[in-house]
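Student: For reference, the structure I am asking about is given below.
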Amino acid sequence: MGVQVNEARIKKMKTRWGTCNPDARRIWLNLELAKKPSACLEYVVVHEMVHLIERRHNDRFRKLMDRFMPLWRFHQDELNRAPLAHADWRY
């Protein structure tokens with residue numbers, strides 16, 4: 001991809017599968033991705049790395065995603081159908 005990530009970390013996130021800081025070139029991944037298929041993890045990593053090239057979800061971003069991971073929409077849909085975390089049903 002021609003992109004360098006300076007740091008990648010894992011943390012619990014309530015609303016996102018991943019996030020990045022393009023200035024620091026840092027990527028954060030949701031701990032819950034460990035419970036998903038590895039292709040979903042790959043999708044999130046590629047998605048965040050593309051944000052190091054293009055910050056917005058615009059046409060250029062989508063073209064870069066198509067180039068680096070042609071089936072990204074399938075994996076995106078798979079994650080969008082899945083809960084971010086399993087609810088704790090304690091009474």
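The values are calculated or read from the model by the stated rules, or taken from the named source; none is laboratory data. Since the structure is predicted, the reported quantities are computational estimates derived from the model, not experimental observations. Don't worry about glycine lacking a Cβ; one is built from the backbone with ideal geometry, like all the others, and counts go over all protein chains shown. These accessible areas exclude ligands, DNA and RNA; they are computed on the full protein's heavy atoms, side chains included. Shrake-Rupley method; radii C 1.70, N 1.55, O 1.52, S 1.80 Å.
Student: Taking the condition in a helix (DSSP H, G or I) and open to solvent by less than 40 Å² (accessible area, probe 1.4 Å), does V46 pass?
Tutor: When the stated conditions are applied, V46 passes them.
Student: Further question: Taking region 59-89, which residues are in a loop (DSSP other than H, G, I, E, B) and either open to solvent by less than 50 Å² (accessible area, probe 1.4 Å) or charged (D, E, K, R) (or both)?
Tutor: M69, A82, L84, D88
Student: Looking only at region 10-27, which residues are in contact with a helix residue (DSSP H, G or I) (Cβ under 8 Å, 6 or more places away or on another chain) and of a type outside the set (S, T, Y)?
Tutor: Residues satisfying the conditions are I10, K11, K12, M13, W17, G18, C20, P22, I27.
Student: Considering every residue within region 17-35, establish whether at least one is open to solvent by 40 Å² or more (accessible area, probe 1.4 Å) and under 14 Å from E78 (Cβ atoms).
Tutor: Yes - at least one qualifying residue is present in region 17-35.
Student: When both residues are 6+ apart or on different chains and their Cβ atoms are under 6 Å apart, which pairs have a first residue that lies in region 9-34 and is of a type in the set (V, I, T), and a second that is part of a strand (DSSP E or B)?
Tutor: Pairs that qualify, where the first residue is of a type in the set (V, I, T) and the partner is part of a strand (DSSP E or B), are I10/L29; T19/W28; I27/A8; I27/C20.
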